[in-house]
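The values are calculated or read from the model by the stated rules, or taken from the named source; none is laboratory data. Just so it is clear, the model here is predicted, and its values are computed rather than measured. FYI the Cβ positions are ideal-geometry reconstructions off the backbone, even for glycines, and counts take in every protein chain you see.
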Amino acid sequence: VKVGDTVTWTNQDDVPHNVVASDESFKSPNFGKGETFTWTATKAGTISYTCTLHPGMNGTLNVEA
C-alpha cells in the first residue's frame, strides 16, 4: 500500500478476530463475522501485525511513500 491508502480487514470467520500492529500504529477491537476494521497508512515502512486472540495468525503490511 502507499502512504494515505486505507486498509480494510474483514472477518469472514465464525469467531472474533483483531489486528494489532507490533509497532502499535494500530490496534483494532475484537470484531465478529461480517465486521470490519479500517486503518489509514500515515508513514512508509514495514508493519507486522497479529491477531492476539489467535497466536500464529500474522501478517505484514509494506507501506511505500
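Screening the range 1-20 for residues that are assigned to a strand (DSSP E or B) and without any contact (Cβ under 8 Å) to a residue 40 or more places away in the chain and picking the one that is nearest to Val63 (Cα to Cα) gives Thr6. Among the residues of the range 30-43, is any small (Gly, Ala, Ser), touching a Phe, Trp or Tyr at 6+ places or on another chain (Cβ under 6 Å), surrounded by 15 or more Cβ atoms within 10 Å (Cβ to Cβ) and not in a strand (DSSP E or B)? No. Determine, yes or no, whether Asn18 is touching a His at 6+ places or on another chain (Cβ under 7 Å), among the polar types (S, T, N, Q), on the phi < 0 side of the Ramachandran plot and surrounded by 14 or more Cβ atoms within 10 Å (Cβ to Cβ). Against the criterion (touching a His at 6+ places or on another chain (Cβ under 7 Å), among the polar types (S, T, N, Q), on the phi < 0 side of the Ramachandran plot and surrounded by 14 or more Cβ atoms within 10 Å (Cβ to Cβ)), Asn18 does not qualify.
Condition check ((1) in contact with a Cys (Cβ under 8 Å, 6 or more places away or on another chain); (2) under 18 Å from Pro55 (Cβ atoms); (3) at pLDDT below 95) across all residues:
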{"site": "Val1", "(1), (2), (3)": "no, no, no"}
{"site": "Thr8", "(1), (2), (3)": "no, no, no"}
{"site": "Asn11", "(1), (2), (3)": "no, yes, no"}
{"site": "Asn18", "(1), (2), (3)": "yes, yes, no"}
{"site": "Ser22", "(1), (2), (3)": "no, yes, no"}
{"site": "Ser28", "(1), (2), (3)": "no, yes, no"}
{"site": "Lys33", "(1), (2), (3)": "no, no, no"}
{"site": "Thr38", "(1), (2), (3)": "no, no, no"}
{"site": "Ala44", "(1), (2), (3)": "no, no, no"}
